[in-house]
Structures are given as C-alpha cells and as structure tokens.
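See below for the structure under consideration.
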Amino acid sequence: MVIDLITTLDINIYPNSTSGQFNIISSKDGYRTITVFNASGKEVLRQYYLSEEAINIEHSRHVSGFYFVKLERDGESVTRKIILNR
C-alpha cells in the first residue's frame, strides 16, 4: 500500500546529478534539518540550518551512486533522490 502525505514543504536540489557539491532551495524559510542517506538507508550526513538562502552541501567524499536527501522543518519532511557521479 502506498500512502501519499500532503505537505506544503517542497525542495529543489541542483545540480542533479552532481560530482559532489549540490544546493537545496526550500519553499519555507527557517530552521531545518538536512539528512543524506545512501542507497542502503544508512545516514551519511546530517546538518542543521537556520537559513533563508540556498543551502550548499559538500558531498564529494562519498562514493558514486544514488542518495536520498531528506529535509525536515516544523514536523514536515520531504525526501528527494540525488545521483553522485564522480
């Protein structure tokens, strides 16, 4: 069963695919948590921000492959897939 949750939180991640560095723009400003997971579901990065601007993430120390970026804010979360191509 697939359940779609309605959220007002949206993010844009670019560039995707990336060689290591990518930016995140959120539809909402304020305090947020960014978590990156590898394809196996292991957390490889967690950072906290208080920002109204684009967030720049350095991800070049990890191996090439698929990753999932989760942004959380005020009880809402959204997850997007990125590709690291080194």
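The values are calculated or read from the model by the stated rules, or taken from the named source; none is laboratory data. Keep in mind the model is a prediction, meaning the values are calculated, not measured. Note that each Cβ is placed from the backbone with ideal geometry, even for glycine, and that neighbours are counted across all protein chains shown.
Taking residues in region 29-44 that are farther than 13 Å from residue 70 by Cβ, and partners anywhere that are among the acidic types (Asp, Glu), the pairs with Cβ atoms closer than 9 Å and at least 6 places apart or on different chains are 29/52; 29/53; 30/52; 30/74; 31/74. No other residue among 19, 26 is surrounded by 12 or more Cβ atoms within 10 Å (Cβ to Cβ), of a type outside the set (Lys, Arg), in contact with a Lys or Arg (Cβ under 8 Å, 6 or more places away or on another chain) and closer than 16 Å to residue 9 by Cα apart from 26.
The strands (runs of 3 or more DSSP E) found entirely in the chain include none that carry 2 or more residues being touching a helix residue (DSSP H, G or I) at 6+ places or on another chain (Cβ under 7 Å) and at pLDDT below 90. Summed over region 29-53, residues that are loosely packed, with under 14 Cβ neighbours inside 10 Å and either within 12 Å of the chain's Cα centre (by Cα) or at positive phi (or both) total 7.
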